[in-house]
Amino acid sequence: MRLRPCSARSTRITAGPGFRLGESRGLVRSLVLPVALPMTILLSACGGGGNDQAEAPGADAAALHEAQPLHVRDATLMSEGSESGTYSELVTVKYSEEVRASTELDKPECLDASNQWGSLEGVREAPASVAAYEWDGGSVTHMLVRMDEGTAAEALSTKPPESCAEYTATYEDGSSSHYGVRDLEDVPRIGDESRAFAIDVDSEGVESRMFSLMYRNGGLVGTTSVLGAGELEDYEEMLVEFSEAAVERQRQMLG
């Protein structure tokens with residue numbers, strides 16, 4: 001599979017310390033299927049945070065980036081992991097779609113199980129921002145998309161089929177990953193409404209875990225993803241604390 005060049009309609013944002021991108025290469029394919037791919041992983045394929053700057057995105061997308069948290073606890077914004085622009089033109093989104101198209105699932109209905117909202121008409125051309133954060137416990141990624149409130153509510157209502165609690169993906173080279181997807185119970189509500197879930201991935205005997213929370217704050221839809229291999233309680237705590245901080249900064253910066 002050949003990766004398309006980084007889109008000219010998205011812009012990398014310079015902020016924060018660097019990241020050991022090479023350490024995450026093995027997780028690229030396994031994580032892109034169930035959720036939006038973390039930019040800490042994705043930009044290793046794009047050469048990292050180079051000095052070449054793409055064409056500036058629209059004012060709305062730039063404003064969304066300014067509304068991203070600068071840090072939460074010891075999670076700090078990374079220069080190599082952030083971009084903003086039109087949702088469908090983000091490097092994150094385009095690479096995710098390319099990987100999905102080249103992958104076979106034993107349950108085809110699960111191909112885009114946790115990201116079905118991304119295909120909504122009101123989302124594709126919406127302004128968006130993705131920010132990645134370096135954290136001692138792993139990594140954190142936050143995506144923010146602005147749309148009308150009706151589309152935002154519809155996005156939150158999309159859920160994976162029950163059959164997608166477990167499924168297997170096979171890639172072009174014959175390797176495979178097994179997924180287990182489950183809802184996270186007792187997670188407090190974030191914004192106007194929210195839902196959270198966990199994804200366990202076994203890729204050729206290498207286990208990884210991602211926790212994700214999707215919320216609606218008026219016409220803003222945000223997703224927080226935490227990646228690592230630590231204790232469940234620590235990752236749930238960061239998931240909630242980061243999302244609450246993100247909503248508060250949106251209120252301060254966007255009104």
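Nothing in this text is a laboratory measurement; each read-out follows from the coordinates by a stated rule. Just so it is clear, the model here is predicted, and its values are computed rather than measured. Note: ideal-geometry Cβ built from the backbone for every residue, glycine included; neighbour counts use all protein chains shown.
So between residue 241 and residue 66, what do we pick up on full extension, going 0.36 nm a residue minus the alpha carbon distance? Provide the component values of the computation, followed by the final result.
Working: separation 175, 0.36 × 175 = 63.00 nm, distance 1.91 nm.
Full-extension gain reported as 61.1 nm.
What is the extension gain from residue 202 to residue 172, computed as 0.36 nm multiplied by their sequence separation minus the C-alpha to C-alpha distance, in nm to one decimal? Intermediate results must be reported in sequence, preceding the final value.
Working: separation 30, 0.36 × 30 = 10.80 nm, distance 1.72 nm.
Difference between extended and current length: 9.1 nm.
Quick one: divide the alpha-carbon radius of gyration of the stretch 183-245 by 2.2 N^0.38 Å and tell me what you get. Write out the running numbers ahead of the final one.
Working: Rg = 12.4 Å, N = 63, 2.2 N^0.38 = 10.6 Å.
Dividing the Cα Rg of the stretch 183-245 by 2.2 N^0.38 Å gives 1.16.
Which order do the peptides 228-237, 139-148 take when ranked by the mean count of other beta-carbon atoms within 10 Å per residue, highest first?
Highest-to-lowest ranking by the protection proxy: 139-148, 228-237.
So for the pair residue 159, residue 101, with labels modelled 7 Å out along Cα→Cβ, what separation do we get in nm?
Calculated label separation equals 3.2 nm.
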